[in-house]
Amino acid sequence: MVNKKEIPSILAGKGIPNYQEIKPDDINNYIPILIKELNRDLTSLEKELEEKINQNLVISWDDVMTPIHIIGERLRWSWGVVSHLNAVCNSSELRDSYSKQQPEIIRFGNRFGQSEVIYNSLVNLCNNSKNLNKTQIRILTKELLTMKNSGVGLNSSKKDIFNSSSQKLAELSNNFSNNVLDATKNWSLLLTKPEEIEGLPIRILENYARSAKDAGEKGLNGESTGPTPEKGPWLISLDTPSYIPFITYSKNRQLREIIYKAYVSRASDGLLDNKKIIEEILCLRTKQAKILGYKNWTDLSLESKMAKDTKEVEQLLEELRAAAMVVAKNELRELKECALRNGASKEAENIAPWDISYLSEKLRQEKYDLDKEALRPWFPLPQVLNGLFKLCEKLFNIKVVASKKLDIPKWHNDVTLFDVFDQDGTEIASFYLDPYSRSATKRGGAWMDECLIRNKDSKGNLTLPIAYLICNQTPPTEGKPSLMSFEEVETLFHEFGHGLQHMLTKVNYPQAAGINNVEWDAVELPSQFMENWCLDRSTIMGMAKHWQTGEELPEEEFNKLRSSRTFNSGMATLRQIHFALTDLKLHGEWNEDLGISPDQLRRKIAESSTVLPPIKEDQFLCSFSHIFAGGYSAGYYSYKWAEVLSADAFSAFEEIGLEKTELVKETGKRFRDTVLSMGGSRPPQEIFKAFRGRPPSSKALIKHSGLEF
Ligand code: ZN
């Protein structure tokens, strides 16, 4: 008998991962053992099922769906831990082990997805589906489609080609993502002269001086204190919390140009060049789609989405593009006028992309007298969390508290675990929050991921969901909490929205619990819905308290924030449309024989979807991780698609009046009971209708974005 203690933490396969005990070495030592065991389990399951099929027996849910879930979950659990660490505690050791084991993981995935016995068993189950409920049927239908798109129906020579391209694709995505991380990490700029920091607020200079100190820089002229915010030197990097403030506040146009060009050309030359990788990825995806009988990767991607086809997606994008273009042109004109008023004649004459954020900030201050940077002291992370949790208590009747389980292992000191309770005190879920940016070891951006998924097994044992919420916001400094920008507050609310769908699910089948089985283009509904609350009076006034004085956010500042809500939204909308169209066309139309590069195709699309065409150095595609290293390929449009749903859902609250607490509570309960609870157990159209009483309409989004005339 195997002593329980002998099972290494990385193979636990259930429960909370023991992050303290999992080491990079374990990946190479134990993942191969896991794969061997899973292969053995799969073989014996196939044997059992084959016998049943040969004897013409009816196959039940528990004969096939339960065991394949158990096999899949063991893999998801262990490899999930590895992928998570690779994203938040990246190191060369971890990277090596990750890429060494990845091919085996893919190979197993291919074997599983292409198992004819499993497929036939699912078909058998499907043909005898009278005992299955609606959720089970939806899970089953999706599983059959997934297997079809994993190549189960291919003959063996086609399977070989398909599988080797799957391997190659995983490797390429991994390289793509590492190149972006390295290119971001490798670039920095040390500033030493006062004229180089003109316009930058002191809080930002503090961060730059601290970065210089961390990099081992000495104080200027032998100053014994080391780098200081007032005297420098200051170190700028391409990490979002460093890059964004510089491009927004620096008066030094030349430096803005330098740092802008460095940012948009990340991973586009030398050893870290992603251009070739992009072409290879696109070619391989097209090849796979064709082998499976689709015209292109876009068609393959859309088959499992809420949108019916490319036409329907293009129609929505065009509707938004046309509305946004007119507004964006006006916005650009206003920026030029603002430059003129401020004596920035060069910017006015020849406005460049590195002027946009800077001039926008100037214009925002002129128009609304709103200095966003000055609002940070009102948004210390603990207060913001408090406000977010109170909102969720009001809307969804839940309580969120820092976990009392103090011995929970974490992967970093920045991390906190929170528990979520229902109104009667029952614990329903937990989540880890890892809020701050750690440039060298943590991937950029923000995301929610699943640690544990809700599951009620056949014996009635319940697993409660646990989420990972990862942000990259401004870190705290000595004696100062993380003072968040308004955008960082929105990001936190966004990720928490994903977390809510994961945590408040009532679905007991893990295959459709939380975000599982939710069509990709509907998955941003709860997240974008939550963002809307950042401008709700009682939410914001409840959380915005000065971190030192406790003073509430002045009424005036709140009004400015609100009235500036749609500021520059024409350009912001256009930017998303440009990315969405580029993604759609790269995966639907681009191929090597087209005679133009992916970048050239992007530039063609830019002609009608930007007001300021991309400059020569702009190699945005080389860092477009969403579609080349994440799951958004031919699915970037999902943000806009789901925004139609989220804006329309939020308008249900606006219609009754956000200040009417009782009605808001009632509507919040309905949102929880439908969108948040039902997850992937029903089609998104049906769930939306259950909440809103009618199908979604794009009216609310157009109105919200200020694109109406
Ligand atoms: Zn999201």
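Hey, residue 387 hits all of (1) among the small types (Gly, Ala, Ser); (2) at pLDDT 95 or above; (3) within 16 Å of the ligand (Cβ to nearest atom) but one; which does it fall short on?
(3)
Name the pairs whose Cβ atoms lie under 9 Å apart, with the first residue in the range 527-540 and in contact (Cβ under 8 Å) with a residue 12 or more places away in the chain, the second within 15 Å of the ligand (Cβ to nearest atom) and not in a helix (DSSP H, G or I), and 6 or more positions between them or separate chains?
Within 9 Å, the pairs are 527/448.
Consider residue 64 carefully, then state whether it is assigned to a helix (DSSP H, G or I) and β-branched (Val, Ile, Thr).
So residue 64 passes the test.
I need every pair where a residue in the range 600-612 that is assigned to a helix (DSSP H, G or I) has its Cβ under 8 Å from the Cβ of a residue that is among the charged types (D, E, K, R), sequence separation at least 6 or different chains.
As it stands, the answer is 601/585; 601/589; 605/585; 608/321; 609/321, since those pairs meet every condition given.
Report, by residue number, each residue of the range 616-669 that is among the charged types (D, E, K, R), out of contact with any helix residue (DSSP H, G or I) (no Cβ under 6 Å at 6 or more places or on another chain), part of a helix (DSSP H, G or I) and without any contact (Cβ under 8 Å) to a residue 60 or more places away in the chain.
654, 655, 662, 666
What's the number of the only condition in (1) crowded, with 20+ Cβ neighbours inside 10 Å; (2) on the phi > 0 side of the Ramachandran plot that residue 587 fails to meet?
It is condition (2) that residue 587 fails.
Can you name every residue in the range 76-90 that is part of a helix (DSSP H, G or I) and farther than 20 Å from residue 144 by Cβ?
Matches in the range 76-90: 77, 78, 79, 80, 81, 82, 83, 84, 85, 86, 87, 88.
If you check residue 531 against the conditions, is it part of a helix (DSSP H, G or I), closer than 24 Å to residue 676 by Cα and touching a His at 6+ places or on another chain (Cβ under 9 Å)?
Spelling it out, residue 531 is indeed part of a helix (DSSP H, G or I), closer than 24 Å to residue 676 by Cα and touching a His at 6+ places or on another chain (Cβ under 9 Å).
Can you work out which of the residues in the range 637-660 that are buried (at least 23 other Cβ atoms within 10 Å of the Cβ) and among the hydroxyl-bearing types (Ser, Thr, Tyr) is farthest from the ligand (Cβ to nearest atom)?
Result: 637.
Please find, within the range 491-519, the residue that is farthest from the ligand (Cβ to nearest atom) out of those that are among the small types (Gly, Ala, Ser) and over 9 Å from residue 454 (Cα atoms).
Ranking the candidates gives 512 first.
Among (1) away from the ligand (no atom under 12 Å from the Cβ); (2) in contact (Cβ under 8 Å) with a residue 40 or more places away in the chain, where does residue 467 come up short?
For residue 467, the exception is condition (2).
Quick one: what pairs do we get from the range 484-512, first residue free of Cβ contacts under 8 Å to residues at least 40 places away in the same chain, second of a type in the set (Asp, Glu) and part of a helix (DSSP H, G or I), C-beta under 8 Å, 6+ apart or different chains?
From the range 484-512, the pairs are 497/531.
Condition check ((1) assigned to a helix (DSSP H, G or I); (2) over 28 Å from residue 276 (Cβ atoms)) across all residues:
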{"residue": "143", "(1), (2)": "yes, yes"}
{"residue": "146", "(1), (2)": "yes, yes"}
{"residue": "151", "(1), (2)": "no, no"}
{"residue": "159", "(1), (2)": "yes, no"}
{"residue": "162", "(1), (2)": "yes, no"}
{"residue": "168", "(1), (2)": "yes, no"}
{"residue": "176", "(1), (2)": "yes, no"}
{"residue": "181", "(1), (2)": "yes, no"}
{"residue": "205", "(1), (2)": "yes, yes"}
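Quick check on the range 437-446: of everything there that is crowded, with 16+ Cβ neighbours inside 10 Å and not small (Gly, Ala, Ser), which residue is farthest from the ligand (Cβ to nearest atom)?
438
Would you point out the residue of the range 522-537, among those that are out of contact with any Leu (no Cβ under 9 Å at 6 or more places or on another chain) and within 12 Å of the ligand (Cβ to nearest atom), that is nearest to residue 635 (Cα to Cα)?
Within the range 522-537, the match that is nearest to residue 635 (Cα to Cα) is 523.
The values are calculated or read from the model by the stated rules, or taken from the named source; none is laboratory data. Treat the numbers as computed from the prediction; the structure is a model and nothing was measured. Positions of Cβ are backbone-derived with ideal geometry, glycine not excepted, and every protein chain shown enters the neighbour counts.
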